[in-house]
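Comments concern the structure below.
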Amino acid sequence: MLPNGAIDVSHVYKRFHADKRRALLRDQIQILRNRVVRQTRPKWRWVLRDIDFKVEAGEAVGLIGTNGSGKSTLLKMLNQIMFPYAGHIDVGGRIGALIEVRSGIHPDLSGRENTFLYGSLLGLPRREVAARFDEIVEFAELTDSIDRQVKFYSSGMQMRLGFAIAAFLEPEVLLVDEVLAVGDAPFQQKCLERMRQVLEAGTTLVLVTHDLTAFEATTQRGIWLKDGVVAMDAPIRQTLSAYRDFIETYAVSSAADSGPVRITKVAVSAAEGGHVRADAPVAVRLVVDCDEAVDANLYLGISEGAATPVFTVSDEAHLPVGESRIDCRLEQLPLARGRYALWGGVYTTSGKSLAEWRPLLTFDVSGAELGSAPRAVARLAPIVIGARWEHS
């Protein structure tokens, strides 16, 4: 018997029937061709394979991975909406889940009725739900709409109600999927703050989101699912570093440059030699090949796994026909230790693209760590700057 809030996932496999073929003539012809050459198509599609991990009561875990990696399927099995083909899943205590916008919410019932229904499904007495009802309504910002049928709510209102019910009825385990993306920025911040509060109260959290900063702000541990298997299970910063490295490496390898201006060679090095270090000068060298002479704006940026850079620099340049070399020196690299991607793009002075904004290469930075700041503060990094303090 697991203690309340603990999770045990033991060698879990999950499969689905392979996608059915469309009833189109060209598809039927292809089926006949396959029969002629005796080709067989797989009957099953494996979504999760040998997933094995344990979560302690009160722990905050993020499930990380690209679309189709099995994160939502695993979350649904934790909530017993689905069941594994093989293996065993055990969750101790009450489970509060927000896996879809309408998860646990009946559209023909009012917000008030849904709140009490959800509470009864969690096994809570009606008086306990009533004691928390006003907090739920206030948090969901539905004071004027709580007695309307949920089917008349917008998707954002439904999400706010679902999250408020799941978070305020104090389950031992809280499962949250990507649905937070439906809410606006202020409500997302309220949700993150509420998740931190339930963690402090001892609730176990399993979070799925594509907002990597939300992982750093909320979770302690990251489980990276890749092609249905656990690629890494480690402290959140370590897992995110490996995942960002995977994203950046894939983006660099798949990026194409076929415009009138092409960045053909890129190098990043320490300006004084040796490894690239935080808080030290860095040299970037580009070789640009132009089909015709042009006055252009050159942009460079450094990213941590997304097209939105941590910072950018730019320069106006006259680019002649053929190859030319461009050198850029950053006098002080304000980054913490880790792996980053250099992005670049070339545009006319009027803003027309000559070389699309794309990742050029990945590089490592040695030096200081981010330190031991609280997760809510550390997630605002990776910029690290010197400061002078005075106390009086």
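Between ALA355, TYR340, SER269, whose Cα lies farthest towards the positive end of the dipole of the stretch 219-360 when Lys and Arg beta carbons carry +1 and Asp and Glu beta carbons carry -1, centred on the Cα centre?
The listed residue farthest towards the positive side: TYR340.
For VAL294, enumerate residues with amide H under 5 Å from its amide H, sequence gap 5+ or separate chain, H modeled in the peptide plane.
Counting only residues 5 or more places away or on other chains, the set is LEU319.
Starting with the highest mean, order 272-280, 320-328 by the number of other Cβ atoms within 10 Å, averaged over the residues of each peptide.
Ranking the peptides 272-280, 320-328 by packing returns 272-280, 320-328.
In straight Cα distance, which lysines are under 29 Å from LYS151, not counting same-chain residues fewer than 8 positions off?
Qualifying lysines at Cα under 29 Å: LYS71, LYS76, LYS190.
Sort the stretch 77-231 into rounded, prolate or oblate with this rule: let a ≥ b ≥ c be the square roots of the eigenvalues of the Cα gyration tensor; rounded if a/c is under 1.5, and if a/c is not under 1.5, prolate when a/b is larger than b/c, oblate otherwise.
Prolate, since a/c reaches 1.5 and a/b exceeds b/c.
Roughly how tilted is helix 111-121, in degrees to the nearest 10 and between 0 and 90, from the longest Cα axis of the chain?
Compared with the principal axis, the helix lies near 70 degrees.
First compute the accessible area of the chain with a 1.4 Å probe, then give the percent of it belonging to carbon and sulfur atoms.
Here carbon and sulfur together make up 51 percent of the probe-accessible area.
Using only the Cα atoms of the chain, each taken as one equal point scatterer with no solvent, compute I(q) by the Debye sum, divide by I(0), and report log10 of the ratio at q = 0.12, 0.13 Å⁻¹.
For the requested q values the scattering log ratios are -1.05, -1.12.
Under 14 Å Cα to Cα from LYS43, which aspartates and glutamates show up? Leave out anything in the same chain fewer than 8 places away.
LYS43 reaches ASP19.
How many Å² of accessible area per residue for the chain, probe 1.4 Å?
53
Please report the spacing between the Cα centers of the stretch 64-104 and the stretch 191-223 in Å, no decimals.
What the calculation gives is 16 Å, centre to centre.
Decide, for the stretch 205-296, between rounded, prolate and oblate: order the square roots of the alpha carbon gyration tensor eigenvalues as a ≥ b ≥ c, take rounded if a/c falls under 1.5, and otherwise choose prolate if a/b is larger than b/c, else oblate.
prolate
Pairwise over distinct Cα atoms, reciprocal of the mean inverse distance: report the Kirkwood radius of the stretch 255-332 in Å, one decimal place.
After inverting the pairwise mean of 1/r, the radius is 13.8 Å.
For a quick check of understanding: with a 1.4 angstrom probe and all protein chains in place, what accessible area in square angstrom does TRP357 have, to the nearest ten?
We get 70 Å² for TRP357.
The values are calculated or read from the model by the stated rules, or taken from the named source; none is laboratory data. All values derive from a computational prediction rather than experimental measurement. In this analysis, Cβ positions are derived from the backbone assuming ideal geometry, glycine residues included, and neighbour counts consider all displayed protein chains. Ligands, DNA and RNA are excluded from the accessible area calculation, which covers all protein heavy atoms including side chains. Shrake-Rupley method; radii C 1.70, N 1.55, O 1.52, S 1.80 Å.
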